[in-house]
Number of protein chains: 4
Amino acid sequence: MAFNPPAMATPSRCVADFSLKPIGTQPSYSQQIAQVQDLLRGSGLKSYMHATGTTIEGTWDQVVQWIGFAHTLIHQTGVSRIETDVRIITRTDKVQPMEGYVASVERILSA
Amino acid sequence: MAFNPPAMATPSRCVADFSLKPIGTQPSYSQQIAQVQDLLRGSGLKSYMHATGTTIEGTWDQVVQWIGFAHTLIHQTGVSRIETDVRIITRTDKVQPMEGYVASVERILSA
Amino acid sequence: MAFNPPAMATPSRCVADFSLKPIGTQPSYSQQIAQVQDLLRGSGLKSYMHATGTTIEGTWDQVVQWIGFAHTLIHQTGVSRIETDVRIITRTDKVQPMEGYVASVERILSA
Amino acid sequence: MAFNPPAMATPSRCVADFSLKPIGTQPSYSQQIAQVQDLLRGSGLKSYMHATGTTIEGTWDQVVQWIGFAHTLIHQTGVSRIETDVRIITRTDKVQPMEGYVASVERILSA
């Protein structure tokens, strides 16, 4: 097989939207999401919180590492199971920052 | 078995965030997302678009039906495969409108 | 606007994979997932459980209604918040039953 | 702030289910999924393909790195946009291998 793992690299850019769910706590977990937001402020990554998740942007390695840190942080508060749903977009056709997605749609809608 | 399907009902409220992906088109599909936004305006449902999806709110039946309409609409434009990722939240502990999720976290962060 | 909601229809077929997460219970929720499997047996829909979800197949309306019934059932057991992550695929290019996806990949791998 | 990023670690174990979608290709992308399966064979990670995704298990860092490699591999075949939906579970209450989830539910159903 021609494939050579050591030569592989992860993408240099991605936009990810993650929805972290602590399982086995109270029905409301805004306390934990606040801790995650606080954590992300220290990441240096651009991030944006919305109703069902948080969008972040950076290199693949940074983005997935910080989501992993968020799991570790919430486990440290006593939550023993966490399930996160992540949507990750990578593109090689152009550099599209996270705010570009909404802007593109709004340009069409207002045309 | 005690379960009786005709007596079942779907939830009276939900918040859903969906990310509709037309497959087999161009890498950029903001044109299709604009059509979906236009469609949703006719739904009477509250909706909010962000970088990786659109959040809507209503009864379970309304919300899932309008996402189905969005599939039909985009198929009608010639897209033959669509994959949508939906996060749906239902709660019986309180009525939480979609904007309540961010507000709860921000209250904690600013405390 | 040319769009006419009463004339819209939801797709006649879909394959959906859903991961239902009861929030605010114990870290293990296999009890609730067993109840959902039991419920689905009464649906008449083809379904298949795997590590992180259950795949079902049918008309759009059936599939999303039964996932809604699953929410109602688990709420009735006392769980006040449920979050479900659903992947839904609709196609107009061909009728692809759920088992066709793995079969297609395996045909290529064994070629 | 007490938080200290350099001291953070990502979880030592996770189960992840990912659904990689090449955008802007043909409606059928089983060719690309076969390439991803082939790639994963070289990872040394346990993996299992089902209708809408592939479940893998390992350390957080391994799992997310190999999903990143899959993006890179498919980009190298000429696909310029890829969207992946990942469900990731981490637990500190017990070591639960991926096959344990279905086994737990089946034990309850057959009781």
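The values are calculated or read from the model by the stated rules, or taken from the named source; none is laboratory data. The structure presented is a predicted model; accordingly, all values stated were derived computationally and were not measured. FYI the Cβ positions are ideal-geometry reconstructions off the backbone, even for glycines, and counts take in every protein chain you see. These area figures cover heavy atoms from the full protein model, side chains too; ligands, DNA and RNA do not enter into them. Shrake-Rupley method; radii C 1.70, N 1.55, O 1.52, S 1.80 Å.
Quick notes
- Global form of region C:14-110, assessed from the alpha-carbon gyration tensor, a/c cut-off 1.5: prolate
- Per residue, the Cα convex hull of the protein assembly as shown amounts to 148 Å³.
- Across chain B, Cα pairs under 8 Å and at least six residues apart give a relative contact order of 40 percent.
- Evaluated at q = 0.16, 0.20, 0.24, 0.31 Å⁻¹: base-10 log I(q)/I(0), Debye formula over Cα of region B:16-57: -0.40, -0.61, -0.84, -1.20
- Averaged per residue, the protein assembly as shown has 39 square angstrom of accessible surface, using a 1.4 angstrom probe with ligands and nucleic acids left out.
- Backbone N atoms of region C:92-106 closer than 20 Å to the 7 Å Cα→Cβ label point of C:Ser12 belong to residues C:92-100.
- Long-range HN-HN contacts of C:His50 with modeled amide H, under 5 Å: C:Thr55
- Contact surface A-C: accessible area buried, both sides summed, square angstrom, 1.4 angstrom probe: 1000
- A helix-only calculation puts chain A at -12000 deg cm²/dmol for mean residue ellipticity at 222 nm, using -39500 (n - 2.57) for each DSSP H run of at least four residues, averaged over all residues.
- When restricted to Cα atoms, region A:68-108 yields an Rg and a Dmax of 16.5, 47 Å, respectively.
- Distances from A:Ser12 to itself in the other copies, using label points 7 Å out along the Cα-Cβ axis, amount to 3.6, 4.8, 5.5 nm in increasing order.
- Residue by residue along B:31-40, Cβ atoms of other protein chains within 10 Å of the local Cβ number 4 on average.
- Distances in nm from A:Gln76 to the matching label points in the other copies, shortest first (labels 7 Å along Cα to Cβ): 3.7, 4.4, 5.3
- Counting only lysines at least 8 places from C:Lys46 when in the same chain, those with an alpha carbon closer than 19 Å to its own are C:Lys94.
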